[in-house]
Amino acid sequence: MGGAGSTSAHALRGTDEELMALCQPKCYKDHAIMTDSFVQLARKSWKLILSDQSPEFIRRKQDPAFQFETCIQWFHETFYGTLFQRNPSCRSLYICDMRSQGRALVGSISFTLSQLWIQDMQAFYHNMEQLAIAHSKVGVRAVEFGIFGDIMVETMALCLGSGWSKDVEEAWINIYSAMVKVIIPKCIQYERVNHSTTKVDTEESREILHQISRLFPHSDFGVSVVDQLRDVK
């Protein structure tokens, strides 16, 4: 699980179920439970990062050598640094500036949390399919979503410090498992139809990133995202 970066749907002969098993993150839960409690825990912990109130960020900011101005910056730079270290082949996908990529990452997480209403899971599934298609168009493969998930959980734990608990971990794992249960099959389908993940040029990549950002009406780093979660106490 959480397979090697060289795995792609067109390179394997197998059923969608077999490919799903190869691509899913190590933390994946086959029978993910989506509860209001998990959604609230995830939102509260994410708000700590968005608002610079993470206990670990506050602690580290006391060190003059700590280089990050905001917890969001710390989060996305740590995420991508770990991603490129573990899966160097991913680096060629990110031909836009990393601030734009950071905004896309933060926007994706914020958008997902904003769509998690247990009463309307069909809308959530539809939005996750759109997210999968948009990322497939810039060359992100199904297997990369498995790698992303494990690194995201690790980065959350690092940035939250004492704000990370077993319950918070369970919440994020269940939510991400529910996401990739939709996203990975959609990416596999895209790869089968296109037979390869074609890398696009910088101008086209910027346009697709802009399209992705339109999926996330609150994708900025600042107040708008915090306001989106203002009902979280």
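The values are calculated or read from the model by the stated rules, or taken from the named source; none is laboratory data. These numbers come from a predicted model, not from an experiment. A quick note on method: Cβ atoms are made from the backbone with ideal geometry, for glycine too, and the neighbour counts reach across all protein chains shown.
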*Which number in (1) modelled with pLDDT of 95 or more; (2) at negative phi marks the one condition that GLY161 misses?*
(2)
*asked:* part of a loop (DSSP other than H, G, I, E, B) and under 14 Å from the mean Cα position of the chain (by Cα): is that true of VAL140 in this structure?
replied: yes
_Quick check on this structure: which one of LEU160, LEU116, LEU131 is of a type outside the set (Val, Ile, Thr), part of a loop (DSSP other than H, G, I, E, B) and closer than 24 Å to THR35 by Cβ?_
LEU116
_Checking VAL225 against (1) part of a helix (DSSP H, G or I); (2) modelled with pLDDT of 50 or more: exactly one of these is not met. Which one?_
(2)
*asked:* Show me the helices (runs of 4 or more DSSP H) found entirely inside region 27-110 where at least 2 residues are without any contact (Cβ under 8 Å) to a residue 60 or more places away in the chain and surrounded by fewer than 16 Cβ atoms within 10 Å (Cβ to Cβ).
replied: 71-86
